[in-house]
Amino acid sequence: MIGRASIGNPFIFAQIKSYFNNQTYSLPSINEKIDICLRHMQLSEEFIGEYATMHQMRKLYPHYLKGISNIKEVKMKLQTTKKLNEVKEIIINLME
């Protein structure tokens, strides 16, 4: 169950740790989610290359971008974009 919860939400591990240590936990901001998404893309590209990363990340964008208002158009662009650099630009623009 934790493995599935971590898809697009790697913050779950910090949340679990704080729960077991009786600490408070604050949800990650949109910018933190976007930073982690970009980091995931970068590491994936280094490991499996641009083409495979593009296909792998298409499944994960909705998880990383969950909670952002008016995101439907952005998700459509991310699904149809062919170059990783263009994807990065689209995601970075969400931070502004």
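Note on the chain: enclosed helices (runs of 4 or more DSSP H) holding 3 or more residues that are surrounded by 13 or more Cβ atoms within 10 Å (Cβ to Cβ) and of a type in the set (S, T, Y) are 50-64.
The condition (being among the aromatic types (F, W, Y), under 26 Å from Q79 (Cβ atoms) and free of Cβ contacts under 8 Å to residues at least 40 places away in the same chain) is satisfied by just one residue among F13, F47: F47.
In this structure, does Y19 turn out to be aromatic (F, W, Y) and modelled with pLDDT under 90? When the stated conditions are applied, Y19 does not pass them. Is there a residue in the range 34-53 that is of a type outside the set (F, W, Y), modelled with pLDDT under 90 and under 17 Å from E89 (Cβ atoms)? Looking for residues that are of a type outside the set (F, W, Y), modelled with pLDDT under 90 and under 17 Å from E89 (Cβ atoms), one finds at least one in the range 34-53, hence yes. Go through the residues of the range 4-26 one by one and say whether even a single one is more than 9 Å from the chain's Cα centre (by Cα) and under 12 Å from V87 (Cβ atoms). No, the conditions are met nowhere in the range 4-26.
The values are calculated or read from the model by the stated rules, or taken from the named source; none is laboratory data. Please read all numbers here as calculations on a predicted model, not as lab measurements. When we count neighbours, we look across all protein chains shown, and the Cβ atoms used for this are built from the backbone with ideal geometry, even at glycine.
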